[in-house]
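Engineer: Structure in structure tokens, see below.
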Amino acid sequence: MATKVIETSDENAKRMVRKRTPRVLLVEDDLCIISSIQRNLRPYRIDLEVAFHGFQGVSEALSFEPDLVITDLQMPLASGEELMQCLAHIPRTRNVPIIVITGRPGVTLSRRMKELGVVSVLAKPIPFESLLSEIGKKVCVERRFGKSATD
């Protein structure tokens, strides 16, 4: 089976991810977006865990121990910002990089977001290639190549 490696620029991420499959936590309340991201990441060697709101995201982050968190900002029960604030105060999760996906136009990577661990903000609808590129900056992503349906 041939693989294609998308290199990460973060040396710490390279060392950590070589030990095991990268773990990504997706915190999102929109089932269509969850389904799309799951479907598009399926060909890649990534363990993806899903949480549907900020409180569940904190719980999943503690048990799943992700290498990267992708979160929406506006969610029920606890927002993405509340999730990020909680993760920033927990020693085991404070250094986990975060990608924000948002439908709010004009959201930028503010100083506060940087302090909370945000490495990128992507506007919805998100082109999958952009999301994959941002993921690849923090974890080493391998693509699995199998036989195509026409083989």
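Engineer: Report the relative contact order of the stretch 3-142, percent, no decimals, based on alpha-carbon pairs under 8 angstrom and at least 6 residues apart.
Structural biologist: In percent, rounded to a whole number, it is 31.
Engineer: Also, I was wondering about something else. What full-extension length gain, to one decimal in nm, is calculated for LEU31 and SER59 as 0.36 nm per residue of separation minus the Cα-Cα distance?
Structural biologist: 8.1 nm
Engineer: Apply the Karplus curve 6.51 cos²θ - 1.76 cosθ + 1.60, θ = phi - 60°, to the phi angles in the stretch 87-97 and return the couplings in whole Hz, x for Gly and Pro.
Structural biologist: In residue order, the calculated couplings are 4, 5, 9, 9, x, 5, 10, 5, 9, 6, x Hz.
Engineer: Counting other Cβ atoms within 10 Å, keep those with at most 13, restrict to DSSP loop, and tell me which trypsin sites (Lys or Arg not before Pro) in the stretch 68-129 are left.
Structural biologist: ARG92, ARG94
Engineer: Is the stretch 27-93 best put as rounded, prolate or oblate by its Cα gyration tensor, with a ≥ b ≥ c the root eigenvalues, rounded for a/c under 1.5, and otherwise prolate when a/b is larger than b/c, oblate when not?
Structural biologist: Taking the square roots of the gyration eigenvalues as a ≥ b ≥ c, the stretch 27-93 is oblate.
Engineer: Could I ask something else about it? Does the stretch 3-142 come out rounded, prolate or oblate, given a ≥ b ≥ c as the square roots of the eigenvalues of its C-alpha gyration tensor, rounded meaning a/c under 1.5 and, failing that, prolate meaning a/b above b/c?
Structural biologist: rounded
Engineer: Can you figure out the FRET efficiency of ALA88 with ARG143, using R₀ = 22 Å and their beta-carbon distance, to the nearest 0.05?
Structural biologist: Efficiency at R0 = 22 Å is approximately 0.10.
All of the numbers you see were taken from the coordinates with simple rules; none came from a lab. The model shown is predicted, which means the values in this text are computed figures rather than measured ones. Note: ideal-geometry Cβ built from the backbone for every residue, glycine included; neighbour counts use all protein chains shown.
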